[in-house]
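Let me begin by presenting the structure, written as structure tokens, before commenting on it.
Please treat every number below as a calculation from the coordinates, not as lab data. In this text, all values refer to a predicted model and were calculated from it rather than measured experimentally. Note that we place each Cβ from the backbone using ideal geometry, even for glycine, and neighbour counts take in every protein chain shown.
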């Protein structure tokens, strides 16, 4: 009986101390634009998120109407891009040699680019679905009223509806939908449905190259540097 | 991991891989600062699942892993020049094949123990680059420092610079020893070093090549091999230097037999997207054989240009949503411009909600003879009355919204106008046929020798002239649709609070609707007599027999209010307006606020929503007046006011969710409503989802109470009738999903139970013979989906729904007729050739028992072929047989072929 009492006291103390322990650092933001705020685990209220912020297990990130943020997990460089009007919780459990990663998303749109040399599990969970990542690149769009849309860009992602347990593997060029009625469907991706990635399409150069032909046929190239 | 890989390679080397090998020609030398490119050629017919390269500085224990990139027949590993060391590089290649075999180079017992070796020469010095003082390498140990950002050799924009590295895979690091140098300058103090992460965001950085160096040592003082890499910083460019495009073309042909009718449809779709740095262009085009000039368009074409998120311009068919009170996702064909400067936004939409349709494609689809209006003139010559029908006016939309977004507030105002163009429908149309029959003529049973038959307008005119008759054909006021006019003005206001966790928003709207604008705007004289019969310069003024103004007259001076003609371009005011008076002037004098709020043509809502870590709630009051109309959102339910409160609690790390919602709804907006219909809806739900591969549970309970406020019986003639309603509907839902495995098969078993029952709360106080008509129902369904180790999946589904329909017998007693449906479905899919060919098939069975028993059997099958990279063809077919007590026959069948090319 005494042992049980000690176990109970120990359990209560553990519960009380647990929130005071610093959460493990798991990722770092590499790009922040527009209105993006963070509610750091253990803190109350959102504050402005900046590039270079080190993220901990349990941090919440919220993007505004023009917000966009990119962060990278520190074990394998798996990259998460979060678009506007999105709310997520960044989660990750550090184990030997890897981080077991999870993104809880309530609403909005994110892109997960999981490193091919990925370590640990990678799961995206919404109130309706769980996407268990086997592949490398996909978009996930969460709408609490209708359900979830997963657009596979590369590799394979297993999409499971939590209400019905139905699941499907979503490959590249395919779109999986997981609805509030428990159904899971798979169809060809409509290119129009793929969200724009604000982080792609960065310019490769800052020069204009113009070929000029002289009177005797020689070609000269004019290079204009854009300031 | 490496040990497992080695064991796997050894195991696979025992198996002869006939004819499969890796060919690699070693480069002669490598040099620090210059990327080392190592190519390998797999000589095998078997598909390659994964190709990896491993390298290490000679003397180190661990290898770095890289995924090989295929370049033609070659697979390439490129080692960043900054990571090379004069000690030399050791490396090997490992390929995983589709048949489970592994190829390795060098082909030795253990390529990790006997790797390739290449000598590395010192860095070339050109005298311009800054020489970084090298630490002592001799006693350093290699560690797996992961460069997070920027990637070595990458080129990045000035605005996006962040230097970050991870020491996640490095143990025993002495944090105090970490030094971060950028171009030789020590920036360690400006960097954030925490939890094994080094992150530094430079305030300014020059363009051009940048070099980063991280030096560190272990807790026992041993130096770790420094990590150095470089990247380029470029200037911001205004030239669209990157051009990307993608899209898809799809063609579909289908043929279905429904009853004895064939329905053949073909469709062609193109969707394309072009991205340049500051603009995004989308093009959509759809051409379908279902396009029909007698209906609204089904073809679609649109062109959308988005400039840097600030300006979005759309041409063609688009689906914009401003708010539920104006335009909410309905198709518009026209132009949409959205200028969003974040703090200020302008949205302008101009276009067509309906295109003009002249007639329907059937007899009497454009003209009809109004037989009961046939008359004779003074010379006893017949006058036939013709009417126009089957038409749709062109409906034009104009909508503008301005909004400000400052600090935590937003404020918006908007104006919407939708009007039918009365000139868009012609009085005389070609091809329209109508039927003429003497039985339709009520004036006289004869058509004056006009033969019975189908006529065009010209043919009928000729026939009428032969009998010396005339045709009366009004130019307007046809009996078909009346042309409408509608405006909505509104404003919205909102505020975010408590660090964005709480949001308040409010929207108020008012509409004016004109049901018939054939006669255009009213004059002042018509306005004067709109509410009374006297043209006396006073509106709503009544007189008694002595010519004195009666009590209660409003006596509004006609000249004191606006002239409707002056506002004709904004809204056509006439006697068909709804409401005729937006505000009740009598009520306004006593209760101005209440009068404005309860205007029959207003709609508004207040909403407070909270978004907290474990709790999300919404409190909302919404009211839509009985005369509120938006032609751009005709599906908005009016004459309703409702109060909603809902809360979602997320517990146990989002694994347990509790939902509670209460909604009260009635239609008592106008004071004249004495017996409102009240609906109370209470729902409660528990969802427990422990995580993937564990059972999950959902329980929902919903109670809906309806009461029409009637307390007494009504007398209809001599009979007392019970119109009272006080009922309660209970809806319960339970679902469990249980994943399990048998051997190597993975299953998912799902069970759903849904029950709906109704109770008459006045059952003990009903008149004899009262009939409570609501039906109870119960559904039980179960599904078993199985995933095999083969590329085969199957789903088996059984469900049964039973509805208890009450029937009142002649003697007034109530019996229940049970209608039930039982369905069994199974489907499966199998993939061949690494998913290039996929075959699907399914069987279905549906049996109905009740008044008209029926059984449906069906099967479907399909094949999906990946023809080329990006090109897929689909062929599916289905057939369903129908069996009744009398016969068995084909119910439906069809085939669909689709070809899709993604580019």
Rounded, prolate or oblate: which one fits region B:610-660, using the alpha carbon gyration tensor with axes a ≥ b ≥ c (rounded when a/c is under 1.5, else prolate when a/b beats b/c, else oblate)? prolate
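Order the peptides B:385-392, B:824-831 from the highest to the lowest mean number of other Cβ atoms within 10 Å of their residues. Write down the numbers at each step before the final one.
On the way: B:385-392: 19.8, B:824-831: 15.9.
Put in order of decreasing packing, that is B:385-392, B:824-831.
From the square roots a ≥ b ≥ c of the eigenvalues of the alpha-carbon gyration tensor of region B:255-393, which class results: rounded (a/c under 1.5), prolate (a/b over b/c), or oblate?
Numbers: a/c = 4.08, a/b = 1.89, b/c = 2.16.
Taking the square roots of the gyration eigenvalues as a ≥ b ≥ c, region B:255-393 is oblate.
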Other chains' Cβ within 10 Å of B:190-203 residues: what's the mean? 4
Estimated FRET transfer efficiency (residue B:260, residue B:287; beta-carbon r; R0 30 Å; 0.05): 0.60
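Any idea what the relative contact order of region B:146-234 is, in percent, if you count C-alpha pairs under 8 Å spaced at least 6 apart?
On the way: 172 pairs, mean separation 31.7, N = 89.
Answer for region B:146-234 is 36 percent.
Full extension from residue B:607 to residue B:809: what is 0.36 nm times the residue separation minus their Cα-Cα distance, to one decimal in nm?
Values: separation 202, 0.36 × 202 = 72.72 nm, distance 4.94 nm.
Separation in residues times 0.36 nm, less the Cα-Cα distance, equals 67.8 nm.
For region B:312-431, what is one quarter of the convex hull surface built on the Cα atoms, given in nm²?
11.2
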Residue B:782 label point, 7 Å along Cα→Cβ, cut-off 20 Å on backbone N: hits in region B:713-749? B:733-743, B:745-749
Radius of gyration and Dmax over the Cα atoms of chain B, both given in Å: 39.3, 126
What's the FRET efficiency of residue B:757 with residue B:466 using the Cβ-Cβ distance as r and R₀ = 51 Å, to the nearest 0.05? 0.15
Would you kindly state how much longer the chain becomes between residue B:884 and residue B:47 on full extension, computed as 0.36 nm times their sequence separation minus their alpha carbon distance, in nm to one decimal? 296.0 nm
Per the 1/(1 + (r/R0)^6) rule, R0 = 56 Å and r from the Cβ atoms of residue B:768 and residue B:660, FRET efficiency to 0.05 is 0.85
With every atom except the alpha carbons ignored, what do you get for Rg and Dmax of region B:522-567, in angstroms? 10.9, 37
For the protein assembly as shown, what is the convex hull (Cα atoms) projected area averaged across all directions, in square nanometres? 69.3
Debye intensity ratio I(q)/I(0), log10, region B:146-234, q values 0.12, 0.18, 0.22 Å⁻¹ (C-alpha model): -0.34, -0.74, -1.07
Using only Cα atoms, find the angle between the long axis of helix B:457-466 and the longest principal axis of chain B, and express it within 0 to 90 degrees, rounded to the nearest 10. 20
Simple spin-label estimate for residue B:738/residue B:823, 7 Å along Cα→Cβ, in nm, reads 2.4
How many partner chain Cβ atoms sit within 10 Å of a residue's Cβ in peptide B:157-170, on average, as a whole number? 5
Using packing as a proxy for protection, rank B:745-757, B:84-96 so that the peptide with the highest average count of other Cβ atoms within 10 Å comes first. B:84-96, B:745-757
Give me the inter-chain shielding for B:267-275: mean count of other chain Cβ atoms within 10 Å, whole number please. 2
Expressed as an acute angle from 0 to 90° and rounded to the nearest 10, what is the orientation of the C-alpha long axis of helix B:2-13 relative to the principal long axis of chain B? 80
For residue B:151 and residue B:222, compute 0.36 nm times the residue count separating them, minus their Cα-Cα distance, and round to one decimal in nm. 22.9 nm
Order the peptides B:731-740, B:626-635 from the highest to the lowest mean number of other Cβ atoms within 10 Å of their residues. B:626-635, B:731-740
